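Please read the structure below before turning to the comments.
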Amino acid sequence: MQDVKEITNLVSSLSKSNYKLIEDAFVFSKEAHAGQERFSGDPYFLHLFETAKILAEIGMSPTTIAAGFLHDTLEDANTKEEELEKNFGEEILFLVKGVTKLGKLKYRGVERHNESLRKLFVAVSQDIRVIIIKLADRLHNMRTLENVPEHKRERIAKETLEIYVPIAYRLGIRKLSRQLEDISFPFVYPKEYEKTKNFLKQKRKEDFNKLDKFQKSIKKGLAKNGVTNFSLDYRIKTLYSLYNKLLKRDWSIEKIYDVSALRIVVSDVDECYRILGIIHNVWRPLPGRIKDYIAFPKPNGYQALHTTIFTGYGNVVEIQIKTKQMHQEAEYGVASHIFYKENKKHNVVPGFSWIQRLLPFKKTIGKKEIKKEINYDDIPAWIKNLVEYQALNKTQNPIEEDLKDDFFQRRIFVFTPKGDVIDLPIGSSPIDFAYAIHSEIGHHTSGAKVNEKMSSLNSQLKNGDIVEILTNKKSYPRQKWLEYAKTTVAKRHIKAALQDNKKR
Ligand code: MN
């Protein structure tokens, strides 16, 4: 039997009211899904429990954990939106609706579309917490993938590798991306998985003894120089990232220096540089392998000093030096920053328009949309850097390049009722949508439903709209449509059809 305490115990300094929130969500979800089963025969509720638990483990707030419990109620338990809102308020309703909407997207395994699908996923979520709930949901589904009918497994695992892993990585949540990729790997590339596993096995035998000895000499070396306050451990590369490296290095494991890496965690940045100095003084570094990700963080925000040295035991080993905070951020990324202050009053941050599309919970009061504001301190350093880069209009930073592209500024993504994605320029109308699907559909458009409501043909579509085109054999393009159309494709078809009509 699942016990809610298993989850509440993971949340530090939990107030009474937040405890009750989580408990209420637990009870509500359990009742809503009563009688439903997973493929495995387990009660469906187990999935909600595990999803909420993953969210608690990565440090998400009580609101997000509660939404994790409730994330399938609208879709799978026929809970009414009003009921959710009455019991849990509009913020949780908003999160659950967001997750439900994401669940309706369909991914096609077409290479060139993956990048836009990732972006789409992010754009449609509107709130970064929605994405994180979806990632937790996916992680539990991957952990239980064995129970899913065999013919579906590969597709789901591939989708995970191509869509979910890069998103988790981009958000800096290694804790999730690592698990997702290692679970998916054997389902998508079974042969390569076996091969990589064998490679690692060989390497491990040789490495472990040396690594053990070397750990001791590092401790001694640092102590000699007066450094005693640090923690030392090592991490083995995950199979999937090892596989990717092997691909780049023609499967020669000798060329991969960070199969295992020693990690030194200290309290402050000065100490990081000091330790790097000590290490280079004692052991010879491999040229070209010294990386200062503190001064120049990776695009996803990762910070540390890396160096590879000759251990003196006939091998080389990578050493990573970082502060506790950097380590924490590398594991939890965005999740480690934003959420605890959910209920506090926030200050506005100028210049963060794009990130505000992702972070805040939007409220609509009457016709006015009120954005919840963000506290500057809650924004991860890498995002701040990014904004500064943007302000300076520099182009060296790849992530900036990514944001410069027209995605957030000029394109919207809308859906067919079946969940297929159509991307259009901002300001597009149902006419553009119809012609984007097929010219015959465009020509015979008689009306349009947007989000299940009848809508005029010149209305402006918004990101995430679900559009259904009604057709009639007798309908034909009209002069006015030229004003409604934004895309050249639609305009061209309309003009051609109008001319044909005159000739007849
Ligand atoms: Mn789910």
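Residue-wise test of (1) among the small types (Gly, Ala, Ser); (2) in contact (Cβ under 8 Å) with a residue 12 or more places away in the chain.
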position: Asp137; (1), (2): no, yes
position: Glu159; (1), (2): no, yes
position: Pro166; (1), (2): no, yes
position: Leu180; (1), (2): no, yes
position: Ser184; (1), (2): yes, yes
position: Val188; (1), (2): no, yes
position: Lys201; (1), (2): no, no
position: Lys219; (1), (2): no, yes
position: Arg235; (1), (2): no, yes
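Restricting Ala52, Ala56, Ala32 to those that are at pLDDT 90 or above, within 13 Å of the ligand (Cβ to nearest atom) and closer than 21 Å to Leu171 by Cα reduces the list to Ala52. Here is a list of conditions, (1) assigned to a helix (DSSP H, G or I); (2) open to solvent by 40 Å² or more (accessible area, probe 1.4 Å); (3) free of Cβ contacts under 8 Å to residues at least 40 places away in the same chain, and Leu48 meets all of them except one; can you say which number that is? All conditions pass for Leu48, except number (2).
Note on the range 291-334: residues that are of a type in the set (Phe, Trp, Tyr), under 23 Å from Phe208 (Cα atoms) and touching a residue at least 40 places away in the same chain (Cβ under 8 Å) total 1. Taken as a whole, the structure leaves Gly288 outside the set of residues that are without any contact (Cβ under 8 Å) to a residue 12 or more places away in the chain, part of a helix (DSSP H, G or I) and open to solvent by 20 Å² or more (accessible area, probe 1.4 Å).
The set of residues in the range 437-459 being within 15 Å of Phe415 (Cα to Cα) and open to solvent by 60 Å² or more (accessible area, probe 1.4 Å) consists of Ile437, His438, Lys449, Asn451, Glu452, Lys453. Any residue in the range 173-194 that is open to solvent by 70 Å² or more (accessible area, probe 1.4 Å) and under 13 Å from the mean Cα position of the chain (by Cα)? Yes - at least one qualifying residue is present in the range 173-194.
One residue stands out in the range 456-476 among those that are closer than 23 Å to Leu102 by Cα and in a strand (DSSP E or B): the one that is farthest from the chain's Cα centre (by Cα), namely Ile469. Of all residues in the range 296-315, those satisfying the criterion of being in a loop (DSSP other than H, G, I, E, B), open to solvent by 60 Å² or more (accessible area, probe 1.4 Å) and under 16 Å from Arg284 (Cβ atoms) are Gly312, Tyr313, Gly314. Only one of the numbered conditions (1) open to solvent by 40 Å² or more (accessible area, probe 1.4 Å); (2) outside any helix (DSSP H, G or I) is violated by Asn198, and that is (2). Within the range 139-159, can one find any residue that is among the hydrophobic types (A, V, I, L, M, F, W, C), away from the ligand (no atom under 16 Å from the Cβ), open to solvent by 10 Å² or more (accessible area, probe 1.4 Å) and part of a helix (DSSP H, G or I)? There is no residue in the range 139-159 that is among the hydrophobic types (A, V, I, L, M, F, W, C), away from the ligand (no atom under 16 Å from the Cβ), open to solvent by 10 Å² or more (accessible area, probe 1.4 Å) and part of a helix (DSSP H, G or I).
All conditions in (1) surrounded by fewer than 19 Cβ atoms within 10 Å (Cβ to Cβ); (2) away from the ligand (no atom under 11 Å from the Cβ); (3) modelled with pLDDT under 90 hold for Pro43, with the sole exception of (3).
Looking at the structure I just gave you, is Glu483 among the charged types (D, E, K, R), closer than 30 Å to Thr100 by Cα and open to solvent by 30 Å² or more (accessible area, probe 1.4 Å)? So Glu483 does not fit the description; no. For the range 64-81, the criterion of being closer than 23 Å to Asp127 by Cα, away from the ligand (no atom under 16 Å from the Cβ) and either of a type outside the set (Asp, Glu) or surrounded by 15 or more Cβ atoms within 10 Å (Cβ to Cβ) (or both) is satisfied by at least one residue.
Cβ separations smaller than 8 Å between residues 6+ apart or across chains give the following pairs from the range 88-100 residues that are basic (Lys, Arg) to residues that are assigned to a helix (DSSP H, G or I) and more than 13 Å from the ligand (Cβ to nearest atom): Lys97/Glu81.
Of all residues in the range 18-45, those that are not in a loop (DSSP other than H, G, I, E, B) and not β-branched (Val, Ile, Thr) total 16.
A quick yes/no check of all residues on (1) more than 30 Å from His151 (Cβ to Cβ); (2) surrounded by fewer than 18 Cβ atoms within 10 Å (Cβ to Cβ); (3) under 28 Å from the mean Cα position of the chain (by Cα):
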residue: Phe208; (1), (2), (3): yes, yes, no
residue: Lys224; (1), (2), (3): yes, yes, no
residue: Arg235; (1), (2), (3): yes, yes, yes
residue: Leu242; (1), (2), (3): no, no, yes
residue: Ile253; (1), (2), (3): yes, yes, no
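The values are calculated or read from the model by the stated rules, or taken from the named source; none is laboratory data. This is a predicted model, so every value here is computed, not measured. Glycine gets a Cβ as well: all are built from the backbone with ideal geometry, and neighbour counts include every protein chain shown. Each accessible area value is taken on the protein alone, full model and side chains, heavy atoms only, with ligands, DNA and RNA left out. Shrake-Rupley method; radii C 1.70, N 1.55, O 1.52, S 1.80 Å.
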